[in-house]
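Every number in this text was worked out from the coordinates using simple rules, so none of it is lab data. Everything numeric in this text was worked out from a predicted model, so none of it was measured. Every residue, glycine as well, gets a Cβ built from its backbone with ideal geometry; the counts of neighbours run over all protein chains shown.
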Amino acid sequence: LFAFLFLPMDESSPHEPLLLSKGDSLVDVKKTHLLVSSTKWILKVTMWVIFIAWATFIFLYPSEFMSNLSQKLIQATTGTVFGITGSIFLLFSGPILIIAFLSIAYLIISGEEELQEKKSPKYPCFQLWTFPVIVDGPFGVVSAAELIGILFFSVYIIWAVSAYAVQNLSILSKLQLTFKEESYLM
């Protein structure tokens, strides 16, 4: 009755899997995972580099060096179909469009990966995006991250206005104008 338990299994036994893995598929999966993860990393780094370069360009645009550089770039591309408007659009919006296309490639490569849940810390800590700094102010409840953004924007506005004022004053000092005429032009 139990004789089939003691019989040796032959090659066509129903207890053996039909598709035997010889270890090659595991190597292919590791190579594919390495390729996908390295490609995703390269895309992330490229997007960050483009974004930081674009933000630096926008922030330093009021300086004389960046203003001259942007004028050279605009003059180099004004002969296109779109003229000067297209050149300015390309200069300021081109990096964001490149980031958008790279992010589409990143999402396609990522596929439908499961988002990993973040582990909660063992001890309570403050988070910049949720920690309220100003509760009853003109902007309502302002978190620490929002306050940092508001401060950066305010510093940028002050710096940009002062940079443009210094440039205008240097141009006006080259002209032979009275103080009253200079104040009209400012």
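Rounded to the nearest Hz, the phi-derived 3J(HN,Hα) couplings of region 40-46 under the Karplus curve 6.51 cos²θ - 1.76 cosθ + 1.60 (θ = phi - 60°) are 4, 5, 5, 5, 4, 5, 4, where x marks glycine and proline. The alpha carbon radius of gyration of region 28-112, expressed as a multiple of 2.2 N^0.38 Å, is 1.45.
Between Phe82, Ser38, Asn68, the Cα set farthest toward the positive side of the dipole of region 28-112 (charges on each charged residue's Cβ, about the Cα centre) is that of Ser38. Scanning residues 5 or more positions from Ser143 or on other chains, those with amide H under 5 Å from its amide H are Val133, with H placed 1.01 Å from N in the peptide plane. Across region 135-146, rounded Karplus estimates of 3J(HN,Hα) from the backbone phi angles (6.51 cos²θ - 1.76 cosθ + 1.60, θ = phi - 60°) give 9, 10, x, x, 9, x, 7, 10, 7, 5, 5, 5 Hz, Gly and Pro being marked x.
Using θ = phi - 60° in the Karplus curve 6.51 cos²θ - 1.76 cosθ + 1.60, the 3J(HN,Hα) couplings for region 86-91 round to x, 5, 5, 4, 5, 5 Hz; x is entered for Gly and Pro. Using the empirical formula 2.2 N^0.38 Å as the baseline, the Cα radius of gyration of region 126-186 reaches a ratio of 1.86. Seen from Tyr106, the other residues with C-beta closer than 9 Å to its C-beta sum to a net charge of +2, counting Lys and Arg as +1 and Asp and Glu as -1.
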